[in-house]
1. Is there a residue in the stretch 54-70 that is of a type in the set (Ser, Thr, Tyr), more than 16 Å from the ligand (Cβ to nearest atom) and under 18 Å from the mean Cα position of the chain (by Cα)?
2. Among the residues of the stretch 92-107, how many are closer than 13 Å to residue 75 by Cα and among the hydrophobic types (A, V, I, L, M, F, W, C)?
3. Take residue 206 and decide whether it is in contact (Cβ under 8 Å) with a residue 60 or more places away in the chain, surrounded by fewer than 20 Cβ atoms within 10 Å (Cβ to Cβ) and part of a strand (DSSP E or B).
4. Answer yes if at least one residue in the stretch 102-110 is small (Gly, Ala, Ser), surrounded by 12 or more Cβ atoms within 10 Å (Cβ to Cβ), more than 24 Å from residue 61 (Cα to Cα) and not assigned by TED's automatic domain parsing to the domain that holds residue 166, and no otherwise.
5. Residue check: is residue 6 within 16 Å of the ligand (Cβ to nearest atom) and of a type in the set (S, T, N, Q)?
6. Going through the stretch 1-18 one residue at a time, which ones are assigned to a strand (DSSP E or B) and closer than 26 Å to residue 76 by Cα?
7. So, of the residues in the stretch 182-203 that are under 13 Å from the mean Cα position of the chain (by Cα) and in a helix (DSSP H, G or I), which turns out to be farthest from the ligand (Cβ to nearest atom)?
8. Do the conditions hold for residue 173, that is, is it surrounded by fewer than 22 Cβ atoms within 10 Å (Cβ to Cβ) and part of a helix (DSSP H, G or I)?
Amino acid sequence: MIEVKQVEKSYDGATALEPTSIRFEAGTTTSIIGPSGCGKSTLLRIIAGLVTPDRGKVIYDRETLTEKNVNALRLRTGFVLQDGGLFPHLTARRNVTLVAEVTGRGTEASREERVRELSALVRLPEARLANHPRDLSGGERQRVSMMRALFLDPSWVLLDEPLGALDPITRRGLQTELRTIFATLNKTVILVTHDMGEAAYLGDRVLLMREGKVVQKGTARELAEQPAEPFVSEFLRAQRSPLEEDAA
Ligand SMILES: Nc1ncnc2c1ncn2[C@@H]1O[C@H](COP(=O)(O)OP(=O)(O)OP(=O)(O)O)[C@@H](O)[C@H]1O
C-alpha cells in the first residue's frame, strides 16, 4: 500500500500539485491520467522520493518516507521511465543486474537465474541482453527496463509513461504483457500515461487529474458512467477514433 496525505508542491509560486490525499491499495494497479501539466509526474516523483513536497507525507505500508529511509525504500521500488532510463555504456544485462551487484544481493549464479526468469516473464530472448541499449529497439529497451525494475522483487512499481515512445503495434503488445505481468506479480503499481485506453486497460483504478487536483478516482466504468464533473466526460471523449469523420 502507498498513501499520500495532504501532499502539495509549488514551483516558483506556481502550484503544480494542490493538497492531495490518496491511497493506492496493495496489489492494485492505478493509472494516473490527465492533460499535460496537470501534475501527474509531480505526484509520481513525490511518491518516488525524487521531489520533496512542500507539505504532506508519503507512506509506504506503515513507513513514512523520509530522507533517512528514502534509499532503503527505493531499493524496494521498481522504476520504469519513458525512455527506459538505461545506462548507455552498459550492456542490457548489466543494466538489469547492476543494482543487485552493487548492493551485494545474491550470488552470481542466483543473479543469472533471476535474469533467466525475468527474460521469460517480459518475453525478451536472453541473447538480446548482450547488446547495449542503442542496439535494441524501443520495445526491447522497455522490456529491459521492466526487467531491471523487477529484479529485486520490489513491493511497489512506479512507471512514468513507460510505453509513450513506442509505435501503436509495439505499444499494444507491451500493454497486453504488462497487464499479465501486473496480474501475475500482484504488486502495488502506479502508472502515469497520456492514453485513456491504456489507463483503463492497465489500471484497476484510474486517477484523473486536472490543474494540480485529483478530479476523480475510480474504475474506468465509474468514470464513464458516474463522472464527478463534466470535465471527466469531456476528457474521456477527447481521444479521436481513427475513423472519425467529424473534423471538428
Ligand atoms: N522542476 C520543475 N521546475 C519548475 N516547474 C515545474 C517543474 N516540474 C514541473 N513543473 C511544473 O509543474 C506543473 C506540473 O508538471 P508535471 O510535469 O507534474 O505535469 P504532467 O501532468 O506530468 O505533464 P506532462 O503530461 O506534460 O508530462 C507544470 O506546470 C510544470 O511546468
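1. Taking the stretch 54-70 and keeping what is of a type in the set (Ser, Thr, Tyr), we get 60, 64, 66.
Filter again for more than 16 Å from the ligand (Cβ to nearest atom), leaving 60, 64, 66.
Subsequent filtering for residues that are under 18 Å from the mean Cα position of the chain (by Cα) retains 60.
Yes: the stretch 54-70 contains one or more residues that are of a type in the set (Ser, Thr, Tyr), more than 16 Å from the ligand (Cβ to nearest atom) and under 18 Å from the mean Cα position of the chain (by Cα).
2. Summing the residues that are closer than 13 Å to residue 75 by Cα and among the hydrophobic types (A, V, I, L, M, F, W, C) in the stretch 92-107 gives 4.
3. Details: in contact (Cβ under 8 Å) with a residue 60 or more places away in the chain: yes; surrounded by fewer than 20 Cβ atoms within 10 Å (Cβ to Cβ): no; part of a strand (DSSP E or B): yes.
So residue 206 fails the test.
4. Let us first name the residues in the stretch 102-110 that are small (Gly, Ala, Ser), namely 104, 106, 109-110.
Retained after the next criterion (residues that are surrounded by 12 or more Cβ atoms within 10 Å (Cβ to Cβ)): 106.
Okay, now just the ones that are also more than 24 Å from residue 61 (Cα to Cα), so 106.
When the remaining residues are screened for being not assigned by TED's automatic domain parsing to the domain that holds residue 166, the result is 106.
Yes, the conditions are met somewhere in the stretch 102-110.
5. Details: within 16 Å of the ligand (Cβ to nearest atom): no; of a type in the set (S, T, N, Q): yes.
No.
6. Restricting attention to the stretch 1-18, the residues satisfying the condition of being assigned to a strand (DSSP E or B) are 2-11, 14-18.
2, 3, 4, 5, 6, 7, 8, 9, 17, listed by residue number.
7. Within the stretch 182-203, the match that is farthest from the ligand (Cβ to nearest atom) is 182.
8. Working: surrounded by fewer than 22 Cβ atoms within 10 Å (Cβ to Cβ): yes; part of a helix (DSSP H, G or I): yes.
Yes: the conditions hold for residue 173.
The values are calculated or read from the model by the stated rules, or taken from the named source; none is laboratory data. If you're wondering where the values come from, they're calculated on a predicted model, not measured in any experiment. All Cβ positions, glycine included, derive from the backbone under ideal geometry; neighbour counts span all protein chains shown.
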